[in-house]
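For reference, the structure discussed in these notes is given below.
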Amino acid sequence: LSFFRAPGIVYDAECVRDVLHTEGAWGCALGQSFGGFCLATYLSAVEHPPRVCLFTGGIPPLGASPHEFYAYPALWDRVAERNRRYYEKYPDDVRRIKQIVRALTTRQPALPSGGTLTARRFLQLGMGLGSSPGSFAHLHQQVGSAFVDSAAQADGWPDFSRTFLREMDGASPFDDHPLYFLMHEAIYCDGPGRSPSDWAAHRSLMEMQNAVREAAPGGRHGVDGYVVPPPQPDFRHEATSVVDDDDVPTLFTGEMVFPWMADGDYAELSGPGIRALALAEEREWDALYDANRIRQALRGEEERPPRCVAAAAVYVDDMYVDFERSRALLGRGGALERTKGWVTNEYQHSGIRDDGARIFTKLLNMAQGTDETPS
């Protein structure tokens, strides 16, 4: 499994280049999301990286450590903001989603292809909240189909519809793509000093929830005994789902993985879950990035011109990438300071899928100097 990280992908690309008998470096490479992480590894590890490197929503968190949970604290805030925007667009869904969560707390139906629909798995639908311009409407449609319009059952809740259960069965990518679960946090482990991951997203969430509990006495009193904490987001669905107050929504989670996912919620992950536990504890990962080599590749040395030119699209509202860290790495003194940055809120993380021709052309022109962004 260790060969599925960025260094293995980069070396595979070099093998492909050798087989194709391509002289010198690749002409151009575009890295979307994790692909941008791979480009940064290319600049760090290969003497002749692609001559043009284009990053789209994919500036890696160079220098982040497991002790600060990599980039997750900032990403939890971004997930909370996308939740707020969703509920602003569909305010009636505040009560609908609480109803679904409370029902799943009482009854966890089996899904058609295996696994169990728990409240925590349902709330992972939030992974898609920043994926495309239509993500809000799609989630609204999903939750709208949850219940059969029939009388309540013995436990007080109506049945979940077959349509909804089929939607939930295929909504998450983890059963079909277990590597996505297994390797999700391993891609952040940048050498022995920045390992192990030790379920960084989960630890970050637990720390944040503890802070919410400690801060709650200073918050205002809501209904049903719930104490509304100060501004930090509250992802405790067990607490928020029972509060009869539309100002206290139940929050979806984002693109994170958790140790409980191998405990039966996902059928296909329950077997390889032990491997995920081992990967989370692995301390001897190879380094991913070398900031000095990145600078040398982009800056050149003495009389030698740069081996590579680069440009990056940085999305202000990106739910999956730490915007502030991206700006710092592109700024003066950052490892990618010679990368021309295009900072925009026109797109979500899916910009390259939604308007690929425009974004690619603009970044290529920026890298080659025919587009003067940034001015």
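The values are calculated or read from the model by the stated rules, or taken from the named source; none is laboratory data. Keep in mind the model is a prediction, meaning the values are calculated, not measured. Every residue, glycine among them, receives a Cβ derived from its backbone with ideal geometry; neighbour counts consider all protein chains shown. Just so you know, the surface numbers come from the protein's heavy atoms only, side chains and all, with ligands and any DNA or RNA stripped out. Shrake-Rupley method; radii C 1.70, N 1.55, O 1.52, S 1.80 Å.
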Would you list which lysines come within 30 Å of LYS362, measuring only between C-alpha atoms, while excluding same-chain residues fewer than 8 positions from it? LYS340
Work out how much length GLU281 to ASP244 would gain on full extension: take 0.36 nm times their residue separation and subtract the Cα-Cα distance, in nm to one decimal. 9.2 nm
Answer in debye to the nearest 20: the dipole magnitude of the chain about its Cα centre, from +1 Lys/Arg and -1 Asp/Glu charges placed on Cβ, is 460 debye
Return the carbon/sulfur percentage of the accessible area of the chain, one whole number, probe 1.4 Å, all protein chains in place. 51 percent
Under the classification rounded if a/c is under 1.5, otherwise prolate if a/b is larger than b/c and oblate if not, where does region 40-185 fall, given a ≥ b ≥ c as square roots of the Cα gyration tensor eigenvalues? prolate
What are the ³J(HN,Hα) values, in whole Hz, obtained from phi via the Karplus relation 6.51 cos²θ - 1.76 cosθ + 1.60 with θ = phi - 60°, for each residue of region 138-144 in sequence order, with x given for Gly and Pro? 5, 5, 4, 5, 5, 5, x
Under the Karplus curve 6.51 cos²θ - 1.76 cosθ + 1.60, θ = phi - 60°, whole-Hz ³J(HN,Hα) for region 33-49, x wherever Gly or Pro sits: 6, 4, x, x, 4, 5, 4, 5, 5, 4, 5, 8, 10, 10, 4, 10, x
Taking the dipole of region 37-165 about the Cα centre (Lys, Arg +1; Asp, Glu -1; charges at Cβ), the one of TYR72, GLN108, GLY57 that reaches farthest to the positive side is GLN108
For GLY341, which sequence-distant residues (separation of 5 or more, or a different chain) have an amide H within less than 5 Å of its own amide H, given hydrogens modelled in the peptide plane? ALA312
Considering the chain as a Gaussian network with a 10 Å cut-off on Cα pairs, which listed residue, PRO112, PRO178, PRO50, attains the greatest mean-square fluctuation? PRO112
Taking a cut-off of 23 Å between Cα atoms, list the lysines near LYS98, but don't count ones fewer than 8 places away on the same chain. LYS89
Quick one: angle between helix 93-106 and the longest Cα principal axis of the chain, in degrees between 0 and 90, rounded to 10, please. 70 degrees
Relative contact order of region 253-347, pairs being alpha-carbon contacts under 8 Å that are 6 or more residues apart, as %: 22 percent
Counting Lys and Arg as +1 and Asp and Glu as -1, each charge on the Cβ, what is the dipole of region 250-375 about the Cα centre in debye, to the nearest 20? 620 debye
Relative contact order [Cα under 8 Å, 6+ residues apart], region 96-188, whole percent: 24 percent
With axes computed from alpha carbons, what is the tilt in degrees of helix 162-171 against the longest principal axis of the chain, rounded to the nearest 10 within 0 to 90? 30 degrees
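Per residue, how much accessible area does the chain have with a 1.4 Å probe, in Å²?
Numbers: 17130 Å² over 375 residues.
Using a 1.4 Å probe on heavy atoms only, each residue of the chain averages 46 Å².
Does region 249-360 come out rounded, prolate or oblate, given a ≥ b ≥ c as the square roots of the eigenvalues of its C-alpha gyration tensor, rounded meaning a/c under 1.5 and, failing that, prolate meaning a/b above b/c?
oblate
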Tally the DSSP beta bridges in the chain and give the antiparallel ones as a percent, rounded to 5. 25 percent
Yeah, the chain with a ≥ b ≥ c from its alpha-carbon gyration tensor (a/c under 1.5 is rounded, else prolate when a/b outruns b/c, oblate otherwise) is prolate
What does the charge count around LYS362 come to, taking other residues whose C-beta lies under 15 Å from its C-beta (Lys +1, Arg +1, Asp -1, Glu -1)? -3
For the chain, what is the relative contact order in percent, using Cα pairs closer than 8 Å and at least 6 residues apart in sequence? 23 percent
Can you tell which of GLY369, PHE323, ALA311 lies farthest toward the positive end of the dipole of region 252-375, using +1 and -1 charges on the Cβ of basic and acidic side chains (Lys, Arg; Asp, Glu)? GLY369
Positive minus negative residues near MET206 (Lys, Arg vs Asp, Glu; Cβ under 11 Å): +2
Projected onto the charge dipole of the chain (unit charges on the beta-carbon of Lys, Arg, Asp and Glu, signs +1, +1, -1, -1), the Cα from SER172, ALA137, GLN124 with the largest positive-side position is that of ALA137
Longest principal axis of the chain (C-alpha) makes with the long axis of helix 72-89 (C-alpha) an angle, in degrees to the nearest 10, of 60 degrees
